[in-house]
Amino acid sequence: MKQAYINCLKTLRKFRKNLKVDKDIKRGKLYFTWLTDKTEKIANEKDFIKKR
């Protein structure tokens, strides 16, 4: 899990460095807003595990 998180951060850093033009920056802001919202939903999600 920790390694997946580190890989995700590396990918996000590369993505952020590629945002050069205003159009790219707007796209990046929308993406990061979506990512923040999605992460919050997943963090607050209640897992229902079926017991066998």
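Descriptive notes on the structure:
- Listed by first and then second residue, the pairs linking a residue in region 1-22 that is in contact (Cβ under 8 Å) with a residue 40 or more places away in the chain to a residue that is assigned to a loop (DSSP other than H, G, I, E, B) and among the acidic types (Asp, Glu), with Cβ atoms under 6 Å apart and 6 or more places separating them unless they lie on different chains, form an empty list.
- The residues of region 34-44 that are hydrophobic (A, V, I, L, M, F, W, C), open to solvent by 90 Å² or more (accessible area, probe 1.4 Å) and either more than 9 Å from the chain's Cα centre (by Cα) or closer than 15 Å to residue 9 by Cβ (or both) amount to a single one, 42.
- Residue ID - nearest to the chain's Cα centre (by Cα), chosen from residues in region 12-33 that are surrounded by 10 or more Cβ atoms within 10 Å (Cβ to Cβ) and β-branched (Val, Ile, Thr): 33
The values are calculated or read from the model by the stated rules, or taken from the named source; none is laboratory data. It should be emphasised that the depicted structure is a prediction, and the values quoted were computed from it without experimental measurement. Reconstructed Cβ throughout: ideal geometry from the backbone, glycine too, with neighbour counts over all protein chains shown. Accessible surface areas use protein heavy atoms only, side chains included; no ligands, DNA or RNA. Shrake-Rupley method; radii C 1.70, N 1.55, O 1.52, S 1.80 Å.
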